[in-house]
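Down below is the structure, laid out as structure tokens.
The values are calculated or read from the model by the stated rules, or taken from the named source; none is laboratory data. Fair warning: this is a prediction, and the values are worked out from it, not measured in the lab. Methodologically, a virtual Cβ is constructed for each residue, glycine included, from the backbone with ideal geometry; neighbour enumeration extends over all protein chains shown.
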Number of protein chains: 2
Amino acid sequence: MTQAPNQRVLLASRPDGLPRPENFRIVEEPVPVPAEGQLLLETLYLSLDPYMRGRMDDAKSYAKPVAIGGVMEGGTVARVLASRHADYAVDDIVLSHSGWQRYALSDGTDLRKLDPMAAPPSTALGVLGMPGFTAWAGLLQIGRPVPGETVVVAAASGAVGSAVGQIARIRGARAVGIAGGPDKCAFVRDELGFDAVVDHRAPDFAQQLERACPRGIDVYFENVGGKVWDAVFPLLNEFARVPVCGLIAQYNELPQAMPGPDRLALVMREVLKKSLSIRGFIQREFAGLRPAFLQEAQEWVRDGRLRYREDIVDGLDRAPAAFIDLLQGRNFGKLLVRVAQ
Amino acid sequence: MTQAPNQRVLLASRPDGLPRPENFRIVEEPVPVPAEGQLLLETLYLSLDPYMRGRMDDAKSYAKPVAIGGVMEGGTVARVLASRHADYAVDDIVLSHSGWQRYALSDGTDLRKLDPMAAPPSTALGVLGMPGFTAWAGLLQIGRPVPGETVVVAAASGAVGSAVGQIARIRGARAVGIAGGPDKCAFVRDELGFDAVVDHRAPDFAQQLERACPRGIDVYFENVGGKVWDAVFPLLNEFARVPVCGLIAQYNELPQAMPGPDRLALVMREVLKKSLSIRGFIQREFAGLRPAFLQEAQEWVRDGRLRYREDIVDGLDRAPAAFIDLLQGRNFGKLLVRVAQ
């Protein structure tokens, strides 16, 4: 075979706050050769997601950190280039977790075959993949909106937020999105059909959010943290639910950088007064519900009730810069790196 | 009738931090006379509970504040002195919410008849009343301990905490109590049978708590807040549940007095990393479960598996001082004021 060399993005050093390009190192290595029972994958799309920031730290978390010198991890859609595995044939398209590299070997255990006729394969990394499932599970299992309630979500044009608001509407709730800048806000309102959208860059953001939620907030799907929380928190209704799936605004903060005032006492007081529920979760907790999600979400995507937008960057060498942009909210839609055609 | 005058404790002014005696005013008024359909109650026991501190503030909460000049509210066990109500006879013993006063009228709608043969009537204000139900509902509906898990509760010799730990043990969990001083700790360990107890006054309190919870904490029943939280929080296991029913250590803090560091960002990060659940509640949310609670708890009390201790103060005029002591943890067991014999 006359392939390009195996381009791989390694973690060169652990970032101190926001990652910088020098925290990554791009290397070229020989393409690996599958042994009996293995198959060789070529990455078509690499998913870039905020959770990856946590893997770059050496802190105790729900998943092991990437080792220094290790390949950055991530979900991929890949094509089978060569197979010595009975269940997979050349040109099969699969969902994998082969990370930031062009080629990878697999023994087949961590793969799911995709049907390119059922949905574009890239959706397996977005609206029909981990981000969509995070939205579906967190909203319906923890947020549990009932018709007429108000659901607020930030990063509303992003992979998770866009699904949260649309699923809330499908379930009869009122969806209020928060996004950054007029283009994203217009997309959330006009393309995704949210009931209202508020620009967090507006100087009177908190007042605008209050006006957009005249009956308060029943579910706040927390995926950003930071100053959005401060605007949302006073608007939470009695018995409000706060599923917490991400804190992108905080990922780059250093633990020691926490000047006062101490909001914890105030938050706990409100948790008590309003019988609030704050619940962190990782989508894999609900793994048993994935088939139910896929069935519902595929139908919603087909009939146009669940829309999505992809932000595609070409070339694996651009993944580090695209990821740094993502952490600053500079992407617009589900961020994917197209590694090969 | 030749009764004593109706002694009543009014809210004279709103406290600024910890209440002081001058925030209360004791008055004597004529004993009211029941009209047709009413009955006259004489208070036997008045319950003093931390939630009453919140009622003294003019802040928005889950219940209306007591008005300046109004009678302090509270649960009572009372005797029917005179009845013009078909359902009640003289000498019936009832659970009421007639507040900090010796005599009160009732139309019967807010009463529950007590059977003095089934259990001492004072228990209707403690282990078989609101505090016991708060423990039962918060632990079993929100905390949901499974056998072998570790349940931690502070104020473990108090009305709620003592029941939390004992019910946790009945359900097969390991109960670790936190209490203040050697007498309370000995009571929690030796009389209530907790698996371990830690004195929060010890200089190495956090280290002692860690040693008492070698497998971490699965349920932290939060009823105090403050520094206990800081010791508990790092020990919470993945998927730990934190029912929040009170924050007695914070009730007297002023909202503006919150020097840094800001612990909220750290707490939210851990909520996410560990899939923690923090859930405020008021027992009345679970009112439909009261009959189930009563049936279980009465049986547990009868067979000695659910023990309780009462701290009885004689005379309504001593209620303000006893209440101020309660807020500083100076009571030992369920605090009751014996108003009449």
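Some values worked out for this structure:
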read-out	value
Criterion: away from chain A (no Cβ under 14 Å) and farther than 26 Å from B:ARG307 by Cα - qualifying residue of B:ALA206, B:ALA212, B:ALA240	B:ALA206
Filtered residue count, region A:104-125, keeping only those that are surrounded by 15 or more Cβ atoms within 10 Å (Cβ to Cβ), of a type outside the set (Ser, Thr, Tyr) and outside any loop (DSSP other than H, G, I, E, B)	5
Region A:280-290 - residue that is within 14 Å of chain B (Cβ to nearest Cβ) and part of a helix (DSSP H, G or I) and, of those, farthest from A:PHE133 (Cα to Cα)	A:GLU285
Residues of region B:247-279 satisfying the condition of being more than 7 Å from chain A (Cβ to nearest Cβ) and either modelled with pLDDT under 80 or crowded, with 23+ Cβ neighbours inside 10 Å (or both)	B:ILE248, B:ALA249, B:TYR251, B:ASN252, B:LEU254, B:GLN256, B:ALA257
Residue in region A:158-165 that is touching a residue at least 40 places away in the same chain (Cβ under 8 Å), in the same structural domain as A:ALA137 (by TED's automatic domain parsing) and surrounded by fewer than 23 Cβ atoms within 10 Å (Cβ to Cβ) present	no
Selected residue [at pLDDT below 95 and either of a type in the set (S, T, N, Q) or under 18 Å from A:LEU10 (Cα atoms) (or both)] from A:THR123, A:THR109, A:THR134, A:THR76	A:THR109
Region A:69-98, residues that are of a type in the set (A, V, I, L, M, F, W, C), within 30 Å of A:ARG55 (Cα to Cα) and either touching a helix residue (DSSP H, G or I) at 6+ places or on another chain (Cβ under 7 Å) or outside any strand (DSSP E or B) (or both)	A:MET72, A:VAL77, A:ILE93, A:LEU95
Every residue from region A:25-51 that is assigned to a strand (DSSP E or B) and within 20 Å of A:ILE248 (Cα to Cα)	A:LEU46, A:SER47
Selection within region A:295-341 - of a type in the set (Gly, Ala, Ser) and either under 28 Å from A:GLY225 (Cβ atoms) or touching a Lys or Arg at 6+ places or on another chain (Cβ under 8 Å) (or both)	A:ALA297, A:GLY315, A:ALA319, A:ALA321, A:ALA322, A:GLY329, A:GLY333, A:ALA340
B:PHE293 being within 26 Å of B:VAL160 (Cα to Cα), within 14 Å of chain A (Cβ to nearest Cβ), at pLDDT 95 or above and in a helix (DSSP H, G or I)	no
Failed item in (1) in a helix (DSSP H, G or I); (2) away from chain A (no Cβ under 14 Å); (3) in contact (Cβ under 8 Å) with a residue 24 or more places away in the chain; (4) not hydroxyl-bearing (Ser, Thr, Tyr), with B:GLN341 passing the rest	(1)
Subset of region B:313-338 [assigned to a loop (DSSP other than H, G, I, E, B) and surrounded by fewer than 20 Cβ atoms within 10 Å (Cβ to Cβ)]	B:GLY315, B:GLN328, B:ARG330, B:PHE332, B:GLY333
Which numbered condition B:ARG171 misses (of (1) surrounded by fewer than 23 Cβ atoms within 10 Å (Cβ to Cβ); (2) in contact (Cβ under 8 Å) with a residue 60 or more places away in the chain; (3) more than 30 Å from B:VAL339 (Cβ to Cβ); (4) touching a Leu at 6+ places or on another chain (Cβ under 8 Å))	(2)
Positions within region A:87-103 being surrounded by fewer than 22 Cβ atoms within 10 Å (Cβ to Cβ) and either more than 21 Å from the chain's Cα centre (by Cα) or closer than 18 Å to A:ASP317 by Cα (or both), in sequence order	A:ASP87, A:TYR88, A:ALA89, A:VAL90, A:ASP91, A:ASP92, A:ILE93, A:GLY99
Residue in region A:296-309 that is within 14 Å of chain B (Cβ to nearest Cβ) and either in contact with a helix residue (DSSP H, G or I) (Cβ under 6 Å, 6 or more places away or on another chain) or assigned to a helix (DSSP H, G or I) (or both) present	no
Any hit, region A:171-183, residues being within 14 Å of chain B (Cβ to nearest Cβ), within 22 Å of A:GLU310 (Cα to Cα) and of a type outside the set (Ser, Thr, Tyr)	no
Region A:135-157: number of residues that are more than 17 Å from A:ALA292 (Cβ to Cβ) and crowded, with 24+ Cβ neighbours inside 10 Å	8
Residue within region A:65-86 that is free of Cβ contacts under 8 Å to residues at least 60 places away in the same chain and within 13 Å of chain B (Cβ to nearest Cβ) present	yes
